[in-house]
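One structure is given below, encoded as structure tokens.
FYI, it's all coordinate maths here, none of it is from the lab. Because the structure is a prediction, the values reported are computed rather than measured. Cβ placement follows ideal geometry from the backbone for every residue including glycine, while neighbour counts extend to all protein chains displayed.
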Amino acid sequence: MFAHFDFSVIGASLPYLFGQGMVFTVTLTALAATGGIVFGTALAMMRLSGIPGVTHAAKVYVELMRSLPLVLVIFWFYFLVPYIGAWATGSATPIQVGAFSSALITFTLFEAAYFAEIMRAGIQSIPKGQTAAASALGMSYAQTMRLVVLPQAFRNMLPLLLTQTIVLFQDTSLVYVLSLTDFLGAASKVAQRDGRLVEMYLFAALVYFAVCFTASLLVRRLQTRVAIIR
Amino acid sequence: MNYTWNWGIFQEPSPEGVGTYADMLLSGLSWTIATALASWVIAFTLGSVIGVLRTLPSRAANAVGTAYVELFRNVPLLVQMFLWYFVLPEILPAGLGTAVKQLPDAPFYTAVLCLGFFTASRVAEQVRAGIQSLPRGQRMAGTALGFTTAQTYRHVLLPNAYRIILPPLTSEFLNNLKNTSVALTIGLLELTARARSMQEFSFQVFEAFTAATLLYLVLNLVVVAGATLLERTVAVPGGR
């Protein structure tokens, strides 16, 4: 069954696959995860703030993002971002936004909704007595969050945040629909140029599996170490 | 913003020759629903089997279940889609491979298989969690009553586990529904693909995507309402 396979095509394209493709995928994942966690935490705090308009806005945002397919959201932002940019800068014509920036904005805003739900659970897992104690010590809301609640929430939720980042790593392959050269995009371009779909896609699957499987094993090990014993 | 809105676009004939742009989107919607339902049948059946395998006392069954879940969870859906669509026909025996390639609606069958096997790994995790959340006494009571392992699962464990995991299963169903949009990469003309081609033909980007967004939201609401109804129907009277 592997008789017609030509594995040399993989070796020849390795510098392109990893030097360009994987670097793109990892950069996009890292930036979007960082941005997503920051914005997601803000969304979670908004949702738990109890201020009527703010709570509602955060809820609508999260629910909207979570009920749409990522592919549709990618297309939305790809066309919408130039217009938002034009509106923000007061330009008369839609501004040029590179496909990478567009993808980065999309993934940050999309994943923020998922990170927000994780952080919400994390913040809610902190006993009420701790916030009460912080207020009793005279801490402001910001101080309570920064010094008492969030450090513990992050620690409790670290495994879930990392698992979601692995999901994000897999989801970045969907930039394929914008013809960007992420790892899968690079594999796909080589596959089509050389007519070697079987070898390239199997290799891509193998690499994704190796990365994600190793990462999830590490997360599982971390989970047992960071768990706060109550 | 100098974007020219034209909400009347949906009434205009689509370049396909038959029907309007609205018909085009609705045809996409029906493919989305068909793909989601057909793949859910595979996902639910196979996922339940794999999930049960992971709770059996047999070590071999456990290994098979774990291997399946890890394999399908750690490869991106898009890559899996390509493997089913481009790679599978090539590594099948020549005659069969050609037959598969010439199948009418090949993207549909491929997407159903791919999503079914992919979502099965997620359903399996839920089923396993559901069974493991039951008190140990239930399995023991089954054994004490003289049930075989199969009977214990059939009459005691699974009916309880399914009721517990109905909410997470609903969100897996919704994920599966949303994931059908990934099949546009292999040429399935589902809702997102239709919105995309409507945008390409008519240049009315935002009308097309707004309509698709609303249709997805309605689908979500229908599924959630259905799940709530189901939950109420199957609830054990006097139960939690």
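For this structure, a couple of remarks:
- Our coupling estimate for segment A:163-170, obtained by passing each phi through the Karplus curve with A = 6.51, B = -1.76, C = 1.60 and θ = phi - 60°, is 4, 5, 5, 5, 4, 4, 4, 6 Hz, Gly and Pro reported as x.
- D (Stokes-Einstein, µm²/s), Kirkwood Cα radius, segment B:19-234, 1.002 mPa s at 20 °C: 112
- Among B:T185, B:T148, B:T45, the largest mean-square fluctuation in a Gaussian network model of chain B, built with springs joining Cα atoms closer than 10 Å, belongs to B:T148.
- Rounded, prolate or oblate (a/c below 1.5 giving rounded, otherwise prolate when a/b exceeds b/c) for segment A:147-186 by Cα gyration tensor: prolate
- Charges were assigned to the Cβ only: +1 to each Lys and Arg, -1 to each Asp and Glu. The resulting dipole of chain B about its Cα centre is roughly 1340 debye.
- Taking amide hydrogens as placed 1.01 Å from N in the peptide plane, the amide H of A:S125 sits under 5 Å from that of no residue at least 5 positions away in sequence or on another chain.
- D_trans [Stokes-Einstein, Kirkwood Rh over alpha-carbon pairs] for the protein assembly as shown, 10 °C, 1.306 mPa s, µm² s⁻¹: 65
- This model, with +1 at the C-beta of Lys and Arg and -1 at the C-beta of Asp and Glu, gives the protein assembly as shown a dipole about its Cα centre of some 2100 debye.
- Amide H contacts of B:T20 (H built 1.01 Å from N, in plane; Pro and chain starts excluded): B:S14 sit under 5 Å, all sequence-distant by 5 or more or on other chains.
- Mean-position separation - Cα centroids, segment A:120-138 and segment A:14-80, in angstrom: 27
- Ratio Rg/Rh, restricted to chain A and using Cα atoms, in which Rh is the Kirkwood radius: 1.06
- For chain A, the relative contact order works out to 29 percent when only alpha carbon pairs closer than 8 Å and six or more residues apart are counted.
- Pairwise FRET efficiency - B:A129 versus B:L229, Cβ, R0 = 25 Å, nearest 0.05: 0.60
- Legend: mean number of C-beta atoms from other chains within 10 angstrom of residue C-beta atoms, peptide B:208-214, equals 3.
- The string of couplings for segment A:130-138 from the Karplus curve (6.51, -1.76, 1.60, θ = phi - 60°) is 5, 5, 4, 4, 4, 5, 4, 7, x Hz, one whole number per residue in order, with x for Gly and Pro.
- Segment A:181-198 - phi-based ³J(HN,Hα) in whole Hz, Karplus 6.51/-1.76/1.60, Gly and Pro as x: 9, 8, 4, 5, x, 5, 4, 5, 5, 4, 4, 6, 5, 9, x, 10, 4, 4
- Helix A:23-47 and the longest principal axis of the C-alpha atoms of chain A enclose an angle of approximately 20°.
- Placing unit charges on each Cβ (+1 for Lys and Arg, -1 for Asp and Glu) gives chain A a dipole about its Cα centre, and among A:F183, A:A42, A:I74 the Cα reaching farthest toward its positive end belongs to A:A42.
- Here chain A is treated with +1 on each Lys and Arg Cβ and -1 on each Asp and Glu Cβ, and its dipole about the Cα centre works out to around 860 debye.
- Least to most buried among B:F82, A:F79, B:F118 (fewest other Cβ within 10 Å first): A:F79, B:F118, B:F82
- Shape class for segment A:1-48, computed from the alpha carbon gyration tensor (a ≥ b ≥ c): oblate, with a/c not under 1.5 and a/b at or below b/c.
- Positive-end residue, the protein assembly as shown charge dipole about Cα centroid, Cβ charges, pick of A:A142, A:G98, B:L46: A:A142
- Using C-alpha pairs below 8 Å separated by at least 6 residues, the relative contact order for segment B:19-234 is 30 percent.
- Residues in segment B:1-37 that a label on B:F201 would reach, taking backbone N under 14 Å of a point 7 Å out along Cα→Cβ: B:9-29
- GNM flexibility winner over chain B from B:E90, B:E16, B:E190 (Cα, springs under 10 Å): B:E16
- Volume of the convex hull of segment B:95-173 (Cα atoms only), normalised per residue: 117 Å³.
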